[in-house]
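K.L.:
The structure is given below, and queries will be raised subsequently.
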Amino acid sequence: MVVRRPATACLDGLRVLSMAWVMFGHVMAIESSSGGGYSNPADFLPPYGFTTTLAGQLLFASRFAVDTFLLISGYLVVCVLHKHNTTMSGPSSNADDDDARRHPLIRYCRNLPRLLLGRLLRLVPLYWMTLGFWIIIAPHLGHGPFW
């Protein structure tokens, strides 16, 4: 059995790797700057500290993974939108629909409200849950900078 994958399937793997790299960089940055991190700067700074190791260099290079992740994600979104808009078909007798078939920009502009509504319905519930957590639950978790 032959499984057909889209031409952009390898970009999903790169996106996962860049996301993991960003999370690694944030974990290491928080770990090194908090109370459980390095109390002696000589353990962290050159010439013999953590920043001279491969993991230390990856920590500081993780800012580039953010750009990579956003670039790949934006490209994949555009590919999905383009695929969705080019497969839009059906008989039409309306002159406006014929114009929309000839001019892709008209199709994109017509689909923009539906796209924005879909994103709104996907993101707003998560935003409300996060906001509710920080307003209702987080004040009861503890006090101080390292709770």
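The values are calculated or read from the model by the stated rules, or taken from the named source; none is laboratory data. None of these values were measured; they are calculated from a predicted model. Neighbour counts run over all protein chains shown; Cβ positions are idealised from the backbone, glycine included. Ligands, DNA and RNA are stripped out before the accessible areas are found, and what is left, the full protein with its side chains, is counted by its heavy atoms. Shrake-Rupley method; radii C 1.70, N 1.55, O 1.52, S 1.80 Å.
K.L.:
Got a sec to turn the phi values of region 8-17 into Karplus ³J(HN,Hα) couplings, 6.51 cos²θ - 1.76 cosθ + 1.60 with θ = phi - 60°, whole Hz, x for Gly and Pro?
P.N.:
9, 4, 5, 5, 4, x, 5, 5, 5, 5
K.L.:
Something else now. Highest mean first, how do 107-116, 3-12 rank when packing is the count of other Cβ atoms within 10 Å averaged over residues? Walk me through the numbers before you get to the answer.
P.N.:
Details: 107-116: 12.7, 3-12: 9.9.
Those peptides, ordered most packed to least, come out 107-116, 3-12.
K.L.:
So, one more: Whose amide H sits under 5 Å from the amide H of F44, counting only residues 5 or more places off or on another chain, with H placed in the peptide plane?
P.N.:
F50
K.L.:
Quote to one decimal, in nm, the extra length available between W128 and L70 on full extension: 0.36 nm per residue of separation minus the C-alpha distance between them. It would help to have the intermediate numbers written out before the result.
P.N.:
Working: separation 58, 0.36 × 58 = 20.88 nm, distance 2.38 nm.
Result: 18.5 nm gained on full extension.
K.L.:
With every protein chain in place, what's the accessible area of L117 (1.4 Å probe, Å², nearest 10)?
P.N.:
100
K.L.:
Quickly rank 57-64, 42-49 as a protection proxy: mean count of other C-beta atoms within 10 Å, highest first. Mind showing how you got there, number by number?
P.N.:
Values: 57-64: 14.4, 42-49: 12.1.
The densest-packed peptide leads the list: 57-64, 42-49.
K.L.:
Once you place label points 7 Å from the Cα toward the Cβ at A20 and H140, how far apart are they in nm?
P.N.:
Calculated label separation equals 3.7 nm.
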